[in-house]
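Only one structure is covered here, and it is reproduced in the block below.
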Amino acid sequence: MCTSLTVCEWKKVFYEKMEVAKPNDSWELIMDPKLKPNEPDPGWKQYLEQHASGRFHCSWCWHTWQSAHVVILFHMHLDRAQRMGSVRMRVFKQLCYECGTAHLDESSMLEENIEGLVDNLIASLLEQCYDERGGQYRIHVASRPDRGQHRGEFCEACQEGIVHWKPSEKLLEEEAATYPFSGASEPKAQEGSGYNFFSLRWCLFWAFLCVLIVYLQFSFRTSVFL
């Protein structure tokens, strides 16, 4: 039974995609908030999604924030004889930095982000459980990119010793070039398709142009008086 709309969406997408990837095997997806990184049970494999994006909601002060530093932990196991597999999943939470509440709220994710993240999960699952080539992993960024600095003191994953990272601009550009029509990459592609006249580079250009105009005017007036 689903505990939230986000959990229901995760299960729905996972089961649909696994039915296509491995129609003869039965898989289940279990949410496990007590899952520990680097401590899989014997025979289980681990996959760590380090650069997911999502929204957090504080149930105390109703503050909502976007994060591109969401960490998701998966433990996977396949019983080849029974043709049955299980995936345990934990989405690491974040504290609200507005009210500082001790309540850790779960992340909700956009549907297109969940689909891409499930693709990454299945790619790892095929490699580790079936010894098959899983395909290329993709970077999935928020619909409104988070440009703020990650605050580890409010991050459950950081508190548990998980070192995670935010994708560099170069990797994001490669993702947009590789998947120009993907929902996850669309915002970045659109951002790169035009000119941002308020960027640092353009601000420096306009400042230089203004200084040059003032200098030329001053030089012209000086030559006239001479």
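What the table below lists for this structure:
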quantity	calculated
Summed residue charge, Cβ within 10 Å of Met18's Cβ, Lys/Arg positive, Asp/Glu negative	-2
Full-stretch length increase - Glu153, Asn38 - with 0.36 nm per residue and alpha-carbon distance subtracted	39.3 nm
Exposure proxy order (Cβ contacts within 10 Å, fewest to most) of Met31, Met18	Met31, Met18
Cβ-based exposure ranking for Lys12, Lys22, in which fewest neighbours within 10 Å come first	Lys12, Lys22
Two-site label geometry, Glu160 and Ile213: point separation in nm, points 7 Å out along Cα→Cβ	5.7
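No lab work stands behind these numbers, since they all come straight from the coordinates. Note that the structure is predicted; figures quoted are calculated from it, not measured. In this analysis, Cβ positions are derived from the backbone assuming ideal geometry, glycine residues included, and neighbour counts consider all displayed protein chains.
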